[in-house]
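Nothing in this text is a laboratory measurement; each read-out follows from the coordinates by a stated rule. Owing to the predicted nature of the structure, the values given are computational and were not obtained by experimental measurement. Cβ sites come from the backbone with ideal geometry, for glycine too, and all protein chains shown count toward neighbours.
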Amino acid sequence: MNQDELKALVAQAALEHVPEGAIVGVGTGSTVNCFIDALGGIRDRIRGAVSSSVQSSERLAAWGIRVFDADEVERLPVYIDGADEIDGRGFMIKGGGAALTREKIVADLADRFICIADASKRVEVLGRFPLPVEVVPMAAAQISRRFAQWGGSARLRAGVLTDNGQEILDVHGLSITDPLAFETEVNQWPGVVTVGVFARHKANLCLLGTPQGVQTLRF
Ligand code: 5RP
């Protein structure tokens, strides 16, 4: 199976975790696109979705799935999203698609975070994937210097503005051995909107697509 087939496999498997009549939290990315397409097939069995990006909202709407604003709901039973990396404790790097801030907001509304990913995303230590950080533009240079003190090399993602009108720094060369402490510290830096380490909002479960089938990891 190729990577696209593995993504489709885990997207289909995620449907089992969608409660009847629910409003579902929906993430962003190519794996989630497969999930939205699968969700389209059962759209009569859900009330709708809260989405983490304009891109996902448009795809949901194209399937006739009602998209609620985040402030229209108090809780979501489940949030389903991909990841750029996931470790053995359910900690993740996210934001490859620049949607990390809204992803964290929707994840915060949800009782459970279900990560859907192909096996290439499973790592021992987070950091091989350049860490996305959404920043207020005037703070980008200062934040880059702080990462340099930690051995990280931050590069502005050229030509990209997030759905929130901010910029993305991609930080290369990090090895994030304590994701919780890392996220807590970087969140304090002025001008950081969201750091792409998901430790406080880690996955509760990961459906990992492998050549042998879907592996379920519980954290
Ligand atoms: C978007 C994300 C995505 O979940 C992450 O980039 C994985 O994307 P894909 O499923 O395309 O590999 O965090 O901001």
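Over the Cα atoms of region 131-195, each weighted equally, I'd like the Debye log10 I(q)/I(0) at q = 0.13, 0.24, 0.27 Å⁻¹, rounded to two decimals.
Relative scattering, expressed as log10 I(q)/I(0), comes to -0.30, -1.04, -1.29.
Would you kindly enumerate the cysteines in the chain that have no other Cys beta-carbon under 4.7 Å from their beta-carbon?
Flagged as lacking a Cys partner: Cys34.
How about region 1-52: which GluC sites (Glu not before Pro) there are in a DSSP loop, with at most 11 other Cβ atoms within 10 Å of their Cβ?
On the way: sites: Glu5, Glu16, Glu20; in loops: Glu20.
For GluC sites (Glu not before Pro) across region 1-52 that sit outside H, G, I, E and B with at most 11 neighbouring Cβ atoms in 10 Å, the list reads Glu20.
Counting Lys +1, Arg +1, Asp -1, Glu -1, what net charge surrounds Trp63 among other residues with beta carbon under 9 Å of its beta carbon?
+1
Would you compute, for the Cα atoms of the chain, the largest minus smallest coordinate along each principal axis and list the three values in descending order, in whole Å?
The Cα atoms of the chain stretch 51, 38, 29 Å along the principal axes, largest first.
Looking at region 29-125, which GluC sites (Glu not before Pro) are DSSP coil and have at most 16 other C-beta atoms within 10 Å of their C-beta?
Working: sites: Glu58, Glu72, Glu74, Glu85, Glu103, Glu124; in loops: Glu74, Glu124.
Within region 29-125, the qualifying GluC sites (Glu not before Pro) (loop, at most 16 other Cβ atoms within 10 Å) are Glu74, Glu124.
Grab the other residues whose beta carbon is less than 14 angstrom from that of Ala119, score K and R as +1, D and E as -1, and report the net. Before the final figure, lay out each step's value.
Working: positive: Lys7, Lys121, Arg122; negative: Asp4, Glu5, Asp84, Glu85, Asp87, Asp118, Glu124.
Summing Lys/Arg as +1 and Asp/Glu as -1 gives -4.
Counting only other residues whose beta carbon sits under 15 Å from that of Asp87, what net charge do I get with K and R as +1, D and E as -1? List each step's numbers first, then the result.
Values: positive: Arg89, Lys94, Lys121, Arg122, Arg128, Arg200, Lys202, Arg218; negative: Asp84, Glu85, Glu124, Asp178, Glu183.
Summing Lys and Arg as +1 and Asp and Glu as -1 gives +3.
Which loop-located trypsin sites (Lys or Arg not before Pro) does region 26-91 contain, where loop means any DSSP state but H, G, I, E or B and the Cβ has at most 15 other Cβ atoms within 10 Å? If you can, show how the numbers build up before the last one.
Values: sites: Arg43, Arg45, Arg47, Arg59, Arg66, Arg75, Arg89; in loops: Arg47, Arg66, Arg75, Arg89.
Passing sites in region 26-91 are Arg47, Arg66, Arg75, Arg89.
Find how many whole Å separate the alpha carbon centroid of region 1-69 from the alpha carbon centroid of region 168-202.
27
Note the direction-averaged projected area, equal to a quarter of the hull surface, for the Cα convex hull of region 48-147, in nm².
Working: hull surface 31.4 nm².
About 7.8 nm², averaged over all directions.
Output needed: percent of Cα pairs per 10 Å distance bin for region 53-106, bins running from 0 to the one holding the longest distance.
So the P(r) values, bin by bin, are 19, 49, 28, 4.
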